[in-house]
Structures are given as C-alpha cells and as structure tokens.
C-alpha cells in the first residue's frame with residue numbers, strides 16, 4: 001500500500017522488505033529455496049530477490065547456500081530390498097511387526113522376515129546359520145517368546161533351527177507354522193480322524209452301508 005505526499009492512500013500492496021533474520025529463519029525450517037518462499041508466504045521471485053542480497057561469512061549468498069543444503073536421508077524402518085518383502089502384499093511388514101495384524105499367518109511372515117534381513121539368520125539356541133546350497137533357504141522357523149503366535153511384534157519373535165524347535169517347542173506340523181491353528185485345527189483333525197476310522201470300519205464290515 002502506497003501513499004502520496006499528502007498521506008492519501010493510493011492503494012496497491014504494502015511494501016515488503018524481508019530481513020536477513022527472516023531469510024535465515026526460513027532456511028532453518030526448510031530444505032530448499034522454494035520451501036523457504038512458501039514458509040515466508042511470498043513468491044519465489046520475491047524470496048530470491050532478498051535472499052541474494054544477504055551473504056554468509058564466506059561471501060556466499062544465502063540463496064546459493066540454501067540451494068546446496070544437504071537433505072538428510074530418511075531412515076528406513078526395515079533393512080533389505082522392500083520389493084522382496086512388501087511388493088504384492090496388502091499388509092506392510094512394518095505394520096505386521098508392530099502388532100497391527102495379529103491373525104497374519106506365520107508361513108508368509110517367515111518368508112518376508114527372511115527377505116528383510118531384520119533378524120539374524122541363525123538359530124537363537126544353537127547358533128546354526130548355514131543355508132541349503134540349492135536355493136539358499138535356511139532351516140529356521142519363527143518362534144514366539146510368549147508362546148502366542150498372534151503376538152507378532154518384533155521383540156516377541158526369534159528363530160530356531162528345526163532340531164531346536166522340535167526339542168523346545170514341538171513338532172513342525174501345520175499346527176504352528178502352517179495355515180490352521182488352535183482349536184479350529186484340533187477340531188478339523190478330530191473330524192478327519194473320525195472319518196478315517198469310519199472308513200476303516202466300513203472296509204472291515206462289507207455289509208455296513
């Protein structure tokens with residue numbers, strides 16, 4: 001907004017003067033000159049005009065200095081190639097290990113956990129860490145510290161080789177590392193055994209329909 005000699009308002013935008021402290025404050029809170037212009041709510045050309053007027057102790061303008069400001073690398077939550085353990089899956093491995101998907105099956109979890117490399121590929125009990133030469137697969141299974149397979153938080157997981165898993169936890173059937181678990185698995189097994197027993201009885205007695 002401008003005024004004439006008599007103090008009459010001539011209209012227009014008020015004059016703008018960005019101070020060095022304002023430019024430096026914007027630089028501290030952004031990672032680029034464009035971001036600094038948005039931070040100060042001014043146009044990029046206006047910001048550039050004032051940023052080039054101020055210099056640091058080495059004689060470099062604040063505009064040039066902010067243009068070369070290194071952006072910190074974003075730390076990835078999980079190591080490894082994300083395409084190997086997240087592509088093609090609806091649930092992110094990071095979310096599974098945070099406990100957001102308690103019913104996620106351990107069989108695909110084992111495959112994705114191995115691909116991520118977040119857990120050392122060795123038995124937590126005996127230290128076995130050799131893979132199969134044909135396909136580089138490891139004879140390791142996921143175990144749970146609290147015995148609850150639904151608690152898939154990272155701190156609750158550890159690896160055991162086949163031998164230690166069998167000796168410390170039990171058999172390596174579908175009950176724990178497969179698809180079905182708990183009471184449902186037990187009911188299905190009992191039904192299957194009852195059906196097989198009935199078939200055996202029918203074979204013994206051909207008159208039975």
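Tabulated data for the structure shown
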{"read-out": "Candidate set: region 100-139, residues that are at pLDDT 85 or above and surrounded by fewer than 13 Cβ atoms within 10 Å (Cβ to Cβ); chosen: the one farthest from residue 84 (Cα to Cα)", "value": "126"}
{"read-out": "Residue in region 58-83 that is surrounded by the most Cβ atoms within 10 Å (Cβ to Cβ), counting only those that are at pLDDT below 75 and part of a helix (DSSP H, G or I)", "value": "82"}
{"read-out": "Residue selected from region 84-122 under the condition closer than 13 Å to residue 154 by Cβ and assigned to a helix (DSSP H, G or I), by the criterion nearest to the chain's Cα centre (by Cα)", "value": "94"}
{"read-out": "Some residue of region 123-134 being within 18 Å of residue 106 (Cβ to Cβ) and under 20 Å from the mean Cα position of the chain (by Cα)", "value": "no"}
{"read-out": "Options 55, 39: the member that is in contact with a strand residue (DSSP E or B) (Cβ under 6 Å, 6 or more places away or on another chain), more than 30 Å from residue 155 (Cβ to Cβ) and either surrounded by 13 or more Cβ atoms within 10 Å (Cβ to Cβ) or at pLDDT below 80 (or both)", "value": "55"}
{"read-out": "Residue that is modelled with the lowest pLDDT [pool: residues in region 144-175 that are farther than 23 Å from residue 130 by Cβ and not in a loop (DSSP other than H, G, I, E, B)]", "value": "174"}
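The values are calculated or read from the model by the stated rules, or taken from the named source; none is laboratory data. Remember, predicted model here, so these are calculated numbers, not experimental data. Positions of Cβ are generated from backbone atoms using ideal geometry, with glycine treated the same way; all protein chains shown enter the neighbour counts.
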